[in-house]
Amino acid sequence: MIRFEDVSVTYDGATEPTVQGVDFEVPEGELVLLVGPSGTGKSTILNSVSGLVPHFTGGTLRGRVTVAGRDTRTHKPRELADVVGTVGQDPLSHFVTDTVEDELAYGMESLGLPPDVMRRRVEETLDLLGLTGLRARSISTLSGGQQQRVAIGSVLTPHPGVLILDEPTSALDPAAAEEVLAVLQRLVHDLGTTVLMAEHRLERVIQYADRIALLPGPGEPLVLGTPAEIMAVSPVYPPVVDLGRVAGWSPLPLTVRDARRRAADLRHRLAGGAADATKGSGELRDQPQATRDRPRSTPPAPAGARTPRRWFRRPAPAAMPPSPHAAETHALTVRRSRVRALTDVTLTISPGETLALMGRNGAGKSTLLNTLVGLVPPTSGTVLTGGAVPHRTPPRDLIRRVGLVPQEPRDLLCTDTVAAECEAADADAGAPPGTCRALVSGLLPGVADDTHPRDLSEGQRLALALAVVLTARPPLLLLDEPTRGLDYAAKARLTTVLRSLAAEGHAIVLATHDVELAAEIAHRVVLLADGEVIADGPAADVVVASPSFAPQVSKILAPQKWLTVAQVREALGPS
């Protein structure tokens, strides 16, 4: 169905090809997963199937890419639209209409399908992706994960024979990601759809792949094989494979179920260290005493306040010693249009604490971050950030109290070069010249000053936006889905930076669907559902108790409370 014949792509101005000597085939009705570190050309390979390379991106394509017998050099993207459906990393760039239902219908309208067929397929797709309740919503009011599902749905409705997906689960909560991947599996198995997909979160997708195409590194040839064959040699691998390597299992497990069947001996070896299972970067003993001793329960709403879930009562808090907070909310309620985004949220966040906000798409995580940074005023209740009311504080003062790296880092980047972004950040923060550039060099080694931010990868843009925010050294750092588009190495670098900031006393709040990141660095997890806090406590307690938000290691080694492979490796000691 898809055939690459000795394909190389060199972009204008580049001295070396981005990909070289790519030669493999994706048969009809197979799901092939494209993996490898960032910068190895995965998106280039995907875009060459849809014709975006070279017709839209420019550059030179050598060799031959054919889809259903059509040569992509001689067929432009619009001439492949009936065969290929593509969803890129950024769903916002995908949309052409205003509402969910219109967006699902647009591709079919462009192909001239009959109205009755369009209506039936829209309904099927709404059901498949759990979008029925959003059908009339404006796309601009949806959360990032909801937008991702709409983008995927809009390419499913025309029933293309080939689907090209770049990071399709990056903005989805764990349950929504499973639903989308289950839909893709049904399309492959039942309808013979061919899927070529790139995804960094291998823990989510590896079990669905028929084969894996590995790009080991720049200039290295592509390797094609079964998931088991590739994971044995791959430089990128999910926690379940990493745990298998630590435990010495052969063959390596690819799923939680496989690993659990073989984990009895490992659990026995770890039983003596189970009490230390919360050791690691997120352990509470590394926090300031006031943070460590502070109760995690949330006070009940004041008398007369709305209690939407009458069967749910938060426990009364123990007496809390007075201590300064990086941020606090009390009975915070936010309405956006006719939607109640947050309801009676009462939280405190202390210096040196790393808190992970988790929950389904649309649960209110981004709204809470935007309220803490003053972008969204409360409808009722109070918000304080560093003792100030954020939505009433001038921006020049606020950036020294709180910084937000949004879900789309490009929203912070408004100049033409990396150097100009850094100069503007230094000026806005009143920092010595070169402060931001030094941060960029640590987070983003090798990027030239004259690089345009739009030419950076998703992970590189995140690093630049983080450096811009950190230039003002805000005591409170907020990050919205910070691992979108990051490979495991980039995520490890980000984790190191965030641990260092927390050790220096910065409070960090992450809104994330990345359960592995939360397991690595969060001292505390707050679960939101329909805008309400439903759980608030130490990461080991909250995520282990939640099947949806538990990391792979936790699922494998339960009931012991191990969260990461690093904890297991440390407990086992030298091999």
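Here, P(r) means the percent of Cα pairs in each 5 Å bin from 0 to the largest distance; for the stretch 9-110 it is 2, 10, 19, 22, 20, 14, 8, 4, 1. Peptides 251-263, 10-22 ranked from most to least packed, by the mean per-residue count of other Cβ atoms within 10 Å: 251-263, 10-22. Report the far tail of the P(r) of the chain, meaning the percent of Cα-Cα pairs longer than 48 Å. Of all Cα-Cα pairs in the chain, 11 percent lie more than 48 Å apart. The antiparallel fraction among DSSP beta bridges confined to the chain stands at about 50%.
How charged is the neighbourhood of L557? Take every other residue with its Cβ under 10 Å from the Cβ of L557, and add Lys/Arg as +1 and Asp/Glu as -1. If you can, show how the numbers build up before the last one.
Numbers: positive: R260, R267, K555, K561; negative: none.
Net charge around L557: +4.
Counting only alpha carbon atoms, the long axis of helix 418-429 and the longest principal axis of the chain meet at about 20°. Annotation: per residue accessible area for the chain equals 42 Å², rounded to a whole number [probe 1.4 Å, protein chains only].
Sorting the Cα pairs of the stretch 420-537 by distance into bins of 10 Å, from 0 upward, gives 12, 42, 32, 12, 2 percent per bin.
Relative to one another, the C-alpha centroids of the stretch 1-60 and the stretch 470-544 are positioned 33 Å apart. In the chain, taking the dipole from charged Cβ atoms about the Cα centre, the farthest positive-side position among L196, M108, S366 is held by S366. Separation of the stretch 143-210 from the stretch 364-392 is 34 Å, based on Cα centroids. If you sort R78, R62 by accessible surface, 1.4 Å probe, largest first, the order is R78, R62. So how exposed is H94, as accessible area in Å² (1.4 Å probe, rounded to 10)? In the full protein context, H94 sits at about 50 Å².
Figure note: E408, E229, E520 ranked by solvent-accessible area, largest first, 1.4 Å probe, ligands and nucleic acids not counted: E229, E520, E408. Against the criterion of solvent-accessible heavy-atom surface with a 1.4 angstrom probe, D173, D127 sort, most first, into D127, D173.
Working note: 222 nm ellipticity from helices only, DSSP H runs with n ≥ 4, each -39,500 (n - 2.57), summed and divided by the residues of the chain, gives -9500 deg cm²/dmol to the nearest 500.
Considering only the stretch 402-542, what is the antiparallel percent among its DSSP beta bridges, to the nearest 5?
Working: 6 of 15 bridges.
So the antiparallel bridges in the stretch 402-542 amount to around 40 percent.
The residues neighbouring P433, those whose beta-carbon lies less than 14 Å from its own, together hold a net charge of -4 under the Lys/Arg +1, Asp/Glu -1 convention. Quick one: if you stick a label point 7 Å off each Cα along the C-beta vector at A420 and A529, how many nm between them? Label at A420, label at A529, 4.8 nm between them.
D449 contributes an accessible area of around 70 Å² to the protein surface, as traced by a 1.4 Å probe with all chains present. When peptides 185-192, 560-567 are ranked by their average number of other Cβ atoms within 10 Å per residue, the highest-first order is 560-567, 185-192.
Could you tell me how many degrees, from 0 to 90 and to the nearest 10, lie between the Cα long axis of helix 458-470 and the main elongation axis, the longest principal axis, of the Cα atoms of the chain? Approximately 30 degrees, to the nearest ten.
Among the cysteines of the chain, those whose beta-carbon sits 4.7 Å or more from every other cysteine beta-carbon are C414.
Peptides 533-542, 325-334 ordered by packing proxy, namely the average of other Cβ atoms within 10 Å per residue, highest first: 325-334, 533-542.
Summing +1 for each Lys or Arg and -1 for each Asp or Glu among the other residues whose beta-carbon sits under 13 angstrom from that of A68 gives -3.
Which percent of the accessible area of the chain is formed by carbon and sulfur heavy atoms (probe 1.4 angstrom)?
Looking at the chain in its full context, I get 52 percent from C and S.
Give me the angle, in degrees from 0 to 90, between the Cα long axis of helix 144-156 and the longest principal axis of the Cα atoms of the chain, rounded to the nearest 10. Approximately 20 degrees, to the nearest ten.
The values are calculated or read from the model by the stated rules, or taken from the named source; none is laboratory data. None of the values given here were measured: they were computed from a predicted structure. Please note: Cβ atoms are built from the backbone with ideal geometry, for glycine as well, and neighbour counts cover all protein chains shown. Quick note on the areas: whole protein, heavy atoms, side chains included, nothing else; ligands and nucleic acids left out. Shrake-Rupley method; radii C 1.70, N 1.55, O 1.52, S 1.80 Å.
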